[in-house]
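In what follows, a single structure is set out as structure tokens and then discussed.
The values are calculated or read from the model by the stated rules, or taken from the named source; none is laboratory data. None of these values were measured; they are calculated from a predicted model. Here the Cβ positions follow ideal geometry from the backbone for every residue, glycine too, while neighbour counts run over all protein chains shown.
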Amino acid sequence: MSDEIDILIQRKEAELLPLCLRMEEFKIEFIKETVDFASKWYKETAKEYVTKYPEVILSMSEEKMAKMKTKINELVGDSEKIVKDKLDNPELWWHQKPYLHVSIDQYTQIADKYPEILDRAVRHALGYLGIILEAFRFHVTASSNTGSYDEFWFERQTDSNQTIPCYPHLLKWTSDMQETIDEYNTRFKLAVTLYNEIEKLKEQKKKQQAISRWEST
């Protein structure tokens, strides 16, 4: 009986492996798409804040404005590093650290409501613009300073008092980003089912081994 369970486990693991490999490809693709998205978004959103708070830019010296532009260009140049730091994290991707009792809807998108686990990571990457906006007094704080600022671009971590930059407003992913996570989600649902079946079989095997040992002594 134990041999039969081993064969079943091997079969299901052989089905699970290509799903996880494909999910890894979608993870890599999503990160690449988010890098492209963030590099454009930083520039576009900085320009939005120039028009949103014209009095700030009009009161700046030429030197200060040039410095702000340099900081934004540096941020754009760091897009890949920032996005990878936030998104290339095994905790965000089930296939890298499979576990039981995960919500089947973890990666489901409904209209413009994106999977929270990934949406937060994307917002954390975008939040770095808030540090520049705060430094140049665009009524934003990306630090824990909650003085008289209008917009709070930070999130307090639940396990500590630390804060991390986080974009707080409505956000629309690109269609490529949405499609890639849809593809990931399709494989995720299949993989979760297989993984649960494998774990049940392993548990069944342990019980059989335990009773066999008990009865043989």
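Just name the residue that is farthest from residue 19 (Cα to Cα) out of those in segment 184-217 that are among the basic types (Lys, Arg) and out of contact with any Asp or Glu (no Cβ under 8 Å at 6 or more places or on another chain).
Kept after step one, since they are among the basic types (Lys, Arg), are these residues of segment 184-217: 187, 189, 200, 202, 205-207, 213.
Then drop every residue that is not out of contact with any Asp or Glu (no Cβ under 8 Å at 6 or more places or on another chain), which leaves 187, 189, 200, 202, 206-207, 213.
On the way: 187: 6, 189: 10, 200: 19, 202: 20, 206: 26, 207: 29, 213: 36 Å.
Only one residue fits best here, namely 213.
Residues in segment 103-158 that are of a type in the set (A, V, I, L, M, F, W, C), modelled with pLDDT of 95 or more and under 30 Å from residue 191 (Cβ atoms): how many?
7
From 53, 42, which residue is surrounded by 15 or more Cβ atoms within 10 Å (Cβ to Cβ), in contact with a His (Cβ under 7 Å, 6 or more places away or on another chain) and over 24 Å from residue 201 (Cβ atoms)?
Working: 42 fails: in contact with a His (Cβ under 7 Å, 6 or more places away or on another chain).
53 is the lone residue from the list that is surrounded by 15 or more Cβ atoms within 10 Å (Cβ to Cβ), in contact with a His (Cβ under 7 Å, 6 or more places away or on another chain) and over 24 Å from residue 201 (Cβ atoms).
Please find, within segment 56-91, the residue that is surrounded by the most Cβ atoms within 10 Å (Cβ to Cβ) out of those that are of a type in the set (Gly, Ala, Ser) and in a loop (DSSP other than H, G, I, E, B). Explain how you work it out, then say what you get.
Initial filter on segment 56-91 (of a type in the set (Gly, Ala, Ser)): 59, 61, 66, 77, 79.
When the remaining residues are screened for being in a loop (DSSP other than H, G, I, E, B), the result is 59, 61.
Working: 59: 10, 61: 8.
Among those that are of a type in the set (Gly, Ala, Ser) and in a loop (DSSP other than H, G, I, E, B), it is 59.
Scan segment 92-115 and give yes if some residue there is in contact with an Asp or Glu (Cβ under 8 Å, 6 or more places away or on another chain), of a type in the set (A, V, I, L, M) and in a loop (DSSP other than H, G, I, E, B), otherwise no.
yes
Where the second residue is β-branched (Val, Ile, Thr) and the first is part of a helix (DSSP H, G or I) and lies in segment 202-217, which pairs have Cβ atoms under 7 Å and are six or more apart or on separate chains?
202/9; 204/5; 205/5
Tell me which residues, restricted to segment 61-77, are without any contact (Cβ under 8 Å) to a residue 40 or more places away in the chain and among the charged types (D, E, K, R). Before the answer, list the steps.
Step one: of segment 61-77, the residues without any contact (Cβ under 8 Å) to a residue 40 or more places away in the chain are 61-63, 65-67, 69-70, 73-74, 76-77.
Passing the criteria: 62, 63, 67, 69, 74.
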